[in-house]
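K.L.:
My structure is below; once you've seen it, I'll send some questions.
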Amino acid sequence: MNNINAKKRSLKLGGYSVIVTAVVIAIVIVVNLAVRLLPTKYTKYSTSTVGLYDISETSRGILSKVKDKISIYVVSDPSYTDEVTREYVAKYAGLNSNISWSTVDPAVKPGFLKEYTSESLSSQQTHLVLVNKNNGRSRVIPYTDIYYQKYTQQELLYYQMYYGSVPDNPTYFNIEQQLTSAVDYLTAEKLPTVYYITGHGETALDSTVTGLIGAENIDLAELPLLTKGSVPDDADAVIINAATKDFTEDEIKALEAYTAKGGNVLMTSFYNSELKERNLTNLYGFAKSLGLEYKDVFVFEGSADKYVQAPYNILPTVAANKFSSALGSNTHLVMLNCNAIKLAETAPEGVTVTELLATSLKGYAKTEITKDTKIEKEEGDEEGKYVLGAMAEKTADGKTSKLIWLASPALLDSRYSSYYSNISYFMAILTDLCEKESSVTINAKSLQIEALTVSEASANLWGIILIAVIPLAVLVTGFVIWNRRIKR
């Protein structure tokens with residue numbers, strides 16, 4: 001009888017177990033289906049240090065203002081779809097209800113990409129197409145713009161030939177920069193135009209800088225001012241990057257006519273010891289008429305924590321303003337071979353002058369540089385703060401023009417962007433001159449796997465925990481459970 005009752009209880013308990021198990025499985029299935037229906041922004045997180053799926057405040061600010069209907073198409077063969085790109089797009093689009101996304105199989109719609117680009121793109125890679133349904137603008141983002149490597153094959157060959165080895169060549173995930181730039185382009189009411197003046201031995205802008213300017217949806221064009229005779233009416237700003245030859249009087253008149261209409265000028269200079277005549281009379285005379293004066297001295301920094309390697313590689317003090325706010329956590333700029341800029345004690349009528357960059361009070365200057373000149377401060381070198389960047393704003397007839405003068409072209413050189421915020425600062429200035437509300441310059445995320453380093457002390461500690469503590473705890477727990485069962 002007891003055996004029969006025990007069997008009945010066992011069957012009943014077994015039935016309960018089956019029912020509970022079935023209910024738990026059903027709940028898990030329902031929860032899993034519900035989670036799959038949630039937007040990607042709630043379900044996809046990056047656990048990497050680079051924040052692969054993170055979306056910056058810059059992008060969020062731009063997306064929050066989008067009112068047009070924008071469609072993002074993820075174009076790829078389903079067998080080759082890059083899931084990271086697809087999931088990032090889903091999360092990105094989820095930040096604004098006016099932005100939608102979908103996938104397109106080029107095998108099903110073979111002519112889809114040709115509607116938006118003449119470029120031949122591989123069907124075995126994932127590409128993006130963004131379309132503004134309101135104004136018809138579109139932009140194609142090829143796979144090679146989403147993922148890129150730091151060095152091209154040609155650059156790696158150069159390193160191999162001249163140095164006998166090649167540097168690490170990390171891959172970068174640049175999708176956020178590309179998407180935000182595209183959205184900015186699709187929704188902008190006006191696309192700015194900037195001209196860079198040539199014909200005076202100017203320093204050329206490198207490809208990285210021109211690429212960033214393009215990513216800001218700023219049209220960049222060359223302006224040989226001497227032959228053109230005037231600055232085009234559509235110019236939002238002109239760049240004069242480290243001219244080594246003076247402008248003619250006619251060119252200066254063209255600049256004056258341009259600024260009189262509210263035009264903006266960004267100018268750089270440097271102390272060029274190879275030039276016998278560094279004071280470009282006409283060009284710097286134009287700047288002086290706006291309250292900024294060229295000083296023909298080579299500036300050094302005397303404070304050891306305000307320069308890098310040598311006192312002519314200056315880490316300037318950055319005045320707090322709308323430009324400096326773009327620097328983020330890395331607030332350091334580096335400026336090389338600087339001349340000095342003097343601000344007018346009494347600015348011309350209608351002009352306001354502002355200091356942007358300067359040395360510390362321990363700065364010093366030399367009036368002549370030869371092969372025998374010592375870089376250390378010597379007797380006769382004037383010590384004090386030297387201005388290395390300044391802005392002049394002139395208001396006349398209801399129109400305001402700006403001249404921004406930086407005493408080193410290094411601020412426009414991408415070679416220093418790995419360790420300093422030079423390019424971020426330059427782009428903040430340029431976008432301000434173009435009256436863009438915000439810059440869309442966003443750093444790409446490196447996909448290079450960082451080595452996990454563990455100190456010897458930590459390694460010993462974890463060795464003891466894994467080899468001794470955990471196994472011993474398992475044995476003790478097992479013994480306790482076994483002992484209790486025996487006593488029953």
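K.L.:
Whole-Hz ³J(HN,Hα) for each residue in region 215-220, computed from phi via Karplus 6.51 cos²θ - 1.76 cosθ + 1.60 with θ = phi - 60°, x for glycine and proline: what do you get?
P.N.:
5, 7, 6, 9, 7, 10
K.L.:
Summing +1 for each Lys or Arg and -1 for each Asp or Glu, what net charge is found among the other residues whose Cβ lies under 10 Å from the Cβ of Glu435?
P.N.:
Numbers: positive: Lys190, Lys436; negative: Asp236, Asp432, Glu437.
Local charge sum for Glu435: -1.
K.L.:
If you split all Cα-Cα distances of region 64-136 into 5 Å bins from zero, what percentages do you get per bin, shortest first?
P.N.:
P(r) for region 64-136, in whole percents per bin: 3, 16, 26, 23, 18, 11, 3, 0.
K.L.:
Could you work out Rg/(2.2 N^0.38 Å) for region 177-313, with Rg from alpha carbons only? Intermediate values should be presented prior to the final figure.
P.N.:
Working: Rg = 17.5 Å, N = 137, 2.2 N^0.38 = 14.3 Å.
Taking N as the residue count of region 177-313, the ratio is 1.23.
K.L.:
How large is log10 I(q)/I(0) at q = 0.16, 0.23 Å⁻¹ when the Debye formula is applied to the Cα atoms of region 287-334, each weighted equally and without solvent?
P.N.:
-0.64, -0.93
K.L.:
Using a 1.4 Å probe on the protein heavy atoms only, what accessible surface does Ser138 show? Give it in Å² to the nearest 10.
P.N.:
40 Å²
K.L.:
Something else about it: For region 254-269, what does the Karplus curve 6.51 cos²θ - 1.76 cosθ + 1.60, with θ = phi - 60°, yield as ³J(HN,Hα) per residue in whole Hz, taken in order and with x for Gly and Pro?
P.N.:
Result, ordered by residue: 5, 5, 5, 5, 5, 5, 5, 8, x, x, 10, 10, 10, 10, 10, 8 Hz.
K.L.:
Further, regarding this structure: Could you tell me the distance between the Cα centroids of region 210-256 and region 77-143, to the nearest Å?
P.N.:
Between the Cα centre of region 210-256 and that of region 77-143, the gap is 36 Å.
K.L.:
Going by accessible area, probe 1.4 Å, with all protein chains left in place, what is the ranking of Thr187, Thr152, largest first?
P.N.:
Details: Thr187 50, Thr152 75 Å².
Sorted by accessible area, descending: Thr152, Thr187.
K.L.:
Follow-up question, since we're still on this one. Tally up the carbon and sulfur contribution to the accessible surface of region 254-323 as a whole percent, 1.4 Å probe, everything protein left in place.
P.N.:
Details: 1420 of 2980 Å².
That fraction is 48 percent.
K.L.:
More than 13 Å apart: what percent of Cα pairs in region 151-192 qualify?
P.N.:
Here the long-distance tail beyond 13 Å is 66 percent of all Cα pairs in region 151-192.
K.L.:
I need the Debye-formula profile for region 114-267: one equal scatterer per C-alpha, no solvent, reported as log10 I(q)/I(0) at q = 0.13, 0.18, 0.20 1/Å, two decimals.
P.N.:
Cα-only, vacuum Debye calculation for region 114-267: -0.84, -1.10, -1.18.
K.L.:
What Kirkwood radius, in Å to one decimal, follows from the Cα pairs of region 128-171?
P.N.:
Details: mean 1/r = 0.0764 Å⁻¹.
The Cα-based Kirkwood calculation yields 13.1 Å.
K.L.:
Roughly to the nearest percent, how much of the accessible area of region 371-448 is carbon and sulfur, given a 1.4 Å probe? Could the numbers behind the result be given before it?
P.N.:
Numbers: 1550 of 3880 Å².
Taking all protein chains in place, region 371-448 shows 40 percent carbon and sulfur surface.
K.L.:
With Cβ to Cβ distances under 13 Å as the rule, what net charge do the other residues near Tyr172 carry (K, R +1; D, E -1)? Each step should come with its number before you reach the end.
P.N.:
Values: positive: Lys150, Lys445; negative: Asp145, Asp168, Glu176.
Counting the neighbours of Tyr172, the net charge comes to -1.
K.L.:
When you take every Cα atom in the chain, what is the radius of gyration, and what is Dmax, the widest Cα pair distance, in Å?
P.N.:
So, for the chain, Rg and Dmax equal 31.5, 120 Å respectively.
K.L.:
Run the reach check for Lys371 against aspartates and glutamates, Cα to Cα strictly under 13 Å, same-chain hits fewer than 8 apart removed. What comes back?
P.N.:
In chain and number order, the partners are Glu274.
K.L.:
If you don't mind, there's one more thing I want to ask. What chymotrypsin sites (Phe, Trp or Tyr not before Pro) in region 354-418 are in a loop by DSSP, with at most 10 other Cβ atoms within 10 Å of the Cβ? Show your work: numbers first, answer last.
P.N.:
Values: sites: Tyr364, Tyr386, Trp405, Tyr416; in loops: Tyr386.
Passing sites in region 354-418 do not exist.
K.L.:
Over the chain, give the accessible area per residue in Å² for a 1.4 Å probe, as an integer.
P.N.:
Details: 27850 Å² over 488 residues.
Here the residues of the chain average 57 Å² of exposed surface.
K.L.:
Take the chain, mark every one of the GluC sites (Glu not before Pro) that falls in a DSSP loop and has at most 12 other Cβ within 10 Å, then report the longest stretch left between them, sites excluded.
P.N.:
1-118
K.L.:
Follow-up question, since we're still on this one. Under 13 Å between alpha carbons, and skipping anything fewer than 8 positions from Lys342 in its own chain: which aspartates and glutamates qualify?
P.N.:
The qualifying aspartates and glutamates are Glu293, Asp296, Glu355.
K.L.:
Which pairs, out of Lys109/Lys150; Lys114/Lys190; Lys190/Lys288; Lys394/Lys445; Lys362/Lys399, put more than 29 Å between their alpha-carbon atoms? The partial results should precede the final answer.
P.N.:
Numbers: Lys109/Lys150 34 Å; Lys114/Lys190 26 Å; Lys190/Lys288 32 Å; Lys394/Lys445 41 Å; Lys362/Lys399 39 Å.
As for pairs spanning more than 29 Å Cα to Cα, those are Lys109/Lys150; Lys190/Lys288; Lys394/Lys445; Lys362/Lys399.
K.L.:
Divide by every residue of the chain the summed helix terms, -39500 (n - 2.57) for each DSSP H run of at least 4, and state the resulting mean residue ellipticity at 222 nm, rounded to the nearest 500 deg cm²/dmol.
P.N.:
On the way: 14 runs with 158 residues, N = 488.
Computed ellipticity for the chain at 222 nm equals -10000 deg cm²/dmol.
K.L.:
Averaging over all projection directions, find the projected area of the Cα convex hull of region 136-223 and quote it in nm² with one decimal place.
P.N.:
Details: hull surface 31.7 nm².
The orientation-averaged projected area of the Cα hull of region 136-223 comes to 7.9 nm².
K.L.:
Keeping the other protein chains in place, figure out the carbon and sulfur percent of the accessible area of region 146-210, with a 1.4 Å probe.
P.N.:
Details: 1740 of 3490 Å².
Ligands and nucleic acids excluded, carbon and sulfur reach 50 percent.
K.L.:
Hey, can you grab everything whose amide H is under 5 Å from the amide H of Gln125? Only 5+ residues off in sequence or another chain; H modelled, so Pro and N-termini drop out.
P.N.:
The list, which skips near neighbours in sequence, is Asp77.
K.L.:
Given the pairs Lys69/Lys436; Lys253/Lys276; Lys276/Lys322; Lys228/Lys436; Lys228/Lys366, which are separated by over 30 angstrom at their Cα positions? Walk me through the numbers before you get to the answer.
P.N.:
Numbers: Lys69/Lys436 22 Å; Lys253/Lys276 26 Å; Lys276/Lys322 37 Å; Lys228/Lys436 27 Å; Lys228/Lys366 38 Å.
Check vs 30 Å cut-off fails for Lys276/Lys322; Lys228/Lys366.
The values are calculated or read from the model by the stated rules, or taken from the named source; none is laboratory data. Since we're looking at a predicted model, the values are computed, not measured. Please note: Cβ atoms are built from the backbone with ideal geometry, for glycine as well, and neighbour counts cover all protein chains shown. Just the protein is used for accessible areas: all its heavy atoms, side chains included, with ligands, DNA and RNA removed. Shrake-Rupley method; radii C 1.70, N 1.55, O 1.52, S 1.80 Å.
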